Amino acid sequence: VQLQASGGGLVQAGDSLRLSCAASGRTFSNYGMGWFRQAPGKEREFVAVISWNGGFTYYADSVKGRVTISRDNAKNTVNLQMNSLKPEDTAVYYCAASGRYLSGSIYADRYDYWGQGTQVTVSS
């Protein structure tokens, strides 16, 4: 499956952004989906996960309460709504698909496909 992430940008602290990830090539509902991010000089970290049917979601503590992950299997998209953004949210955000873990996973090595990333920069 091919993944294309979009929606990043430069915003101020407290603003909102909605990231989208469009999937193509295979049956989207066969995949658990996740969002990860990587800040300069840091390792890639888990942000949010959603199961194949949207029935299960889970968030990193650092974003819980500010971020909502959702998916539309009819449109082959997964979204990440981010509110109350902080400078520490600055990173490249990646969407990922797992065919082995239909509930998704917090571990990056459990994903089979990755998007190219979209930059989010939050100024103070």
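Points to keep in mind about this one:
- Of 28, 56, 46, the order by accessible heavy-atom surface (1.4 Å probe, DNA, RNA and ligands excluded), from most exposed downward, is 56, 46, 28.
- One decimal place: the segment residue 114-residue 73 gains 13.0 nm when fully extended, by the rule 0.36 nm per residue minus the C-alpha distance.
- Whole-percent carbon and sulfur share, accessible surface of region 1-76, 1.4 Å: 45
- Along each principal axis, Cα extent of the chain, largest first, Å: 40, 27, 24
- Simple label model, 7 Å out from Cα along Cβ direction - residue 124 to residue 107, nm: 3.6
- 12 Å beta-carbon shell around residue 67, net charge (K/R +1, D/E -1): +3
- Of 105, 119, 92, farthest towards positive along the dipole that unit charges on Lys, Arg, Asp, Glu beta carbons give region 74-124: 105
- Comparing 42, 86, 64 in a Gaussian network model of the chain where C-alpha atoms under 10 Å apart are linked, the largest mean-square fluctuation is found at 42.
- Candidates 61, 89, 109, ranked by Gaussian network fluctuation over the chain, Cα under 10 Å, top entry: 109
- Surrounding net charge for residue 84, when Lys and Arg each add one and Asp and Glu each subtract one, Cβ distance under 14 Å: +1
- Of 106, 50, 69, the residue with the greatest mean-square motion in the GNM of the chain, using alpha carbon springs below 10 Å, is 106.
- Unit charges at the beta carbon, dipole of the chain: most positive-side option, 25, 65, 80: 25
- Summed residue charge, Cβ within 11 Å of residue 23's Cβ, Lys/Arg positive, Asp/Glu negative: +2
The values are calculated or read from the model by the stated rules, or taken from the named source; none is laboratory data. Quantities reported herein were computed from a predicted structural model and do not represent experimental measurements. Every residue, glycine as well, gets a Cβ built from its backbone with ideal geometry; the counts of neighbours run over all protein chains shown. Ligands, DNA and RNA are excluded from the accessible area calculation, which covers all protein heavy atoms including side chains. Shrake-Rupley method; radii C 1.70, N 1.55, O 1.52, S 1.80 Å.
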